[in-house]
Amino acid sequence: MIDTRRYQWMVGGIGIALVIAFSVYLYVQGGGHAQPGVPAGGQLHRFVAPLATSDLDAAANVSPRCDPARPARRGLNVCGHEPIVLAFFVLNARPCVRAVDALQQLQPRFPGIEFAAVAVGSSKRATLALVRAHHWTLPVAYDSTGAVAQLYDVTVCPLIQVAGRGGVVKRLLIGEHWADADALAGVLRRTVISER
């Protein structure tokens, strides 16, 4: 009778080695799980998304032409010309909505910085209802198709991008801690304000 245990161990070892080799290959090729958003030092991705308060009912454009002389009046146009604090949120997640509340509180305290938010996977009607319920005056766009969320790899919420002039990301803020206006104000003073 032949002892097959040795062969079973060998086949198992080869299988484990193949799994490890394939995982390393995926990671090197960029297929491994990356952190969401644009990291500090990176460039904001350009997009135009329709504002919930506009008469526009359309999908976001993830390859827009950016012309500072002709700003998009019915959409949130992220071109990187001015410092911006951009929050991505989901309508039914309280920490995410609180992050937009924090941006609304900070907007009057930081003139010269644009504050904006994008409702991920939301309709115009649902986003507009939330904008009105919270009395938000900052630009709030909706991303009904998820194109902008995919562009920024939004997999967590709240996700806040803090960028200086030229669209260079100064900080990527992820998590419920950043739904606090005071915590966010401290970051803005140390990063965006200090560059002026």
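Every read-out reported here was derived from the displayed coordinates using simple, explicitly stated rules and does not represent laboratory data. The structure presented is a predicted model; accordingly, all values stated were derived computationally and were not measured. Note that we place each Cβ from the backbone using ideal geometry, even for glycine, and neighbour counts take in every protein chain shown.
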Amide H proximity to L91 below 5 Å, modelled H, separation 5+ or other chain, gives V120
Please list, ordered by chain and number, the residues whose modelled amide H lies under 5 Å from the amide H of Y142; skip anything fewer than 5 residues away on the same chain. A52, A119
Around Q105, what is the net charge, scoring Lys/Arg as +1 and Asp/Glu as -1 over all other residues with Cβ under 12 Å from its Cβ? -1
Note down the net charge around R74, summing +1 for each Lys or Arg and -1 for each Asp or Glu among other residues with Cβ under 11 Å from its Cβ. -1
Expressed as cubic angstrom per residue, what is the convex hull volume of the alpha carbon set of the stretch 131-196? 122
In Å³ and rounded to a whole number, note down the convex hull volume per residue for the Cα atoms of the stretch 47-195. 100
